[in-house]
Amino acid sequence: MPDWQDIFAALREDAVSVADNASPRPVGGGDISAAWQIDTDDAAVFVKTGPGNSLDMFEAEAEGLRELRAVKAVRVPDVLACGVTADAAYLAIEWIEFDRPTSGTERLFGQQLAVMHRNCKKKFGWHRDNTIGKTPQHNQWSSDWVEFFRHQRLGFQLQLASSNGFGGELQSAGTELSENFALLFHDYQPAASILHGDLWGGNWAATNGQAVIFDPAVYYGDRESDIAMTKLFGGFGPEFYAAYQESWPMEPGYENRLKLYQLYHILNHLNLFGSAYLGRAMRLIRDINASTAG
């Protein structure tokens with residue numbers, strides 16, 4: 001349990017007016033960090049806490065939220081404070097009351113995400129590294145998307161898997177994939193769109209008829225990678241995809257590229273949670289390798 005008086009004092013220094021009688025209430029969703037609701041003199045605040053070495057992760061998340069919020073496409077919680085005390089790191093953001101999404105919410109979300117993705121840079125990556133879950137995510141700028149994905153996404157996860165004891169067929173099939181997946185981009189040159197980076201069903205919610213996105217792993221890359229993640233663990237309905245497709249249609253061949261982008265996240269789950277994800281990773285690798293053979 002963090003020393004809340006220290007955190008409250010730090011928050012007040014950042015102009016977050018913590019109420020005198022504030023008592024942190026734990027809330028769900030804190031798989032990696034502890035999550036809390038805290039009352040201020042103005043409104044409730046959402047606070048994540050973790051050990052002091054979580055500060056870099058929280059700072060990257062805060063910067064990612066600000067980057068997405070600046071686009072003014074999909075609603076993003078406002079960042080209020082981020083810092084570290086003697087025994088804990090913390091991130092404080094706007095508290096938003098969620099409600100049940102409707103088909104209209106999902107349709108608007110699809111439209112807004114397409115607008116967000118049209119905000120692009122000239123290169124792929126970001127100005128800083130961050131994390132995907134607890135895993136480091138490297139974002140060194142690159143003018144070549146295939147090379148960026150080969151080394152900073154696929155290659156890094158395969159190396160991590162090897163160090164975690166997942167060698168053998170995974171590594172041999174992964175090497176074949178790394179050598180050949182550029183064929184998926186023979187007639188496709190992606191733009192470097194701003195990405196949420198971890199857009200699964202647990203990282204969005206609805207409020208007053210509009211979507212809210214949070215817990216990002218921001219970088220600039222192929223917009224299809226965000227769409228791939230939405231299809232990995234559910235949480236997005238047909239209205240979302242129809243609206244996105246109407247706003248910015250997917251390019252030919254995207255079905256196999258989606259598998260490539262899903263593989264990144266499945267390998268990350270393999271590295272975070274263990275062998276339950278090995279079979280799924282191998283199936284994706286075999287499917288992608290088959291699509292690039294001959």
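Every number in this text was worked out from the coordinates using simple rules, so none of it is lab data. What you see is a predicted model; the values in this text were computed from it and never measured. Using ideal geometry, Cβ is built from the backbone for each residue, glycine included, and neighbour counts are taken over all protein chains shown.
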Rough spin-label spacing in nm, given labels placed 7 Å along Cα→Cβ, for residue 180 and residue 122: 3.6
Length added when fully stretched, residue 187-residue 141, from 0.36 nm per residue minus Cα-Cα: 14.3 nm
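Which value does Rg/Rh take for region 4-94 over its C-alpha atoms, Rh per Kirkwood? Can you show the working numbers first?
On the way: Rg = 12.6 Å, Rh = 13.3 Å.
We get a ratio of 0.95 for region 4-94.
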Across 48/122; 134/231; 72/121; 72/231; 72/123; 48/72, pairs whose alpha-carbon gap is larger than 26 Å: 48/122
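To the nearest 20 debye, what charge dipole does the chain have about its Cα centre, counting +1 at the Cβ of each Lys and Arg and -1 at the Cβ of each Asp and Glu? Show your work: numbers first, answer last.
Numbers: 24 positive and 37 negative charges, 179 e Å.
I would put it at about 860 debye.
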GluC sites (Glu not before Pro) within region 3-97, DSSP loop, no more than 16 other Cβ atoms inside 10 Å: 97
Residue of 244, 90, 188 that the Gaussian network model of the chain assigns the largest fluctuation, springs spanning Cα pairs under 10 Å: 188
Between region 84-101 and region 10-57, the alpha-carbon center distance in angstrom: 5
Theoretical ellipticity at 222 nm over the chain - DSSP helices of four or more residues, -39500 (n - 2.57) apiece, nearest 500: -12500 deg cm²/dmol
Extension gain from residue 289 to residue 159, taking 0.36 nm per residue of separation minus the Cα-Cα distance: 44.9 nm
Nearest-20 debye value, region 4-94 charge dipole, Cβ charges on Lys, Arg, Asp, Glu: 300
Most positive-pole-ward Cα, 248, 89, 73, against dipole of the chain from beta carbon charges: 248
For q = 0.13, 0.15 Å⁻¹, Debye-computed log10 I/I(0) when each Cα of region 103-292 counts as one equal scatterer: -0.66, -0.89
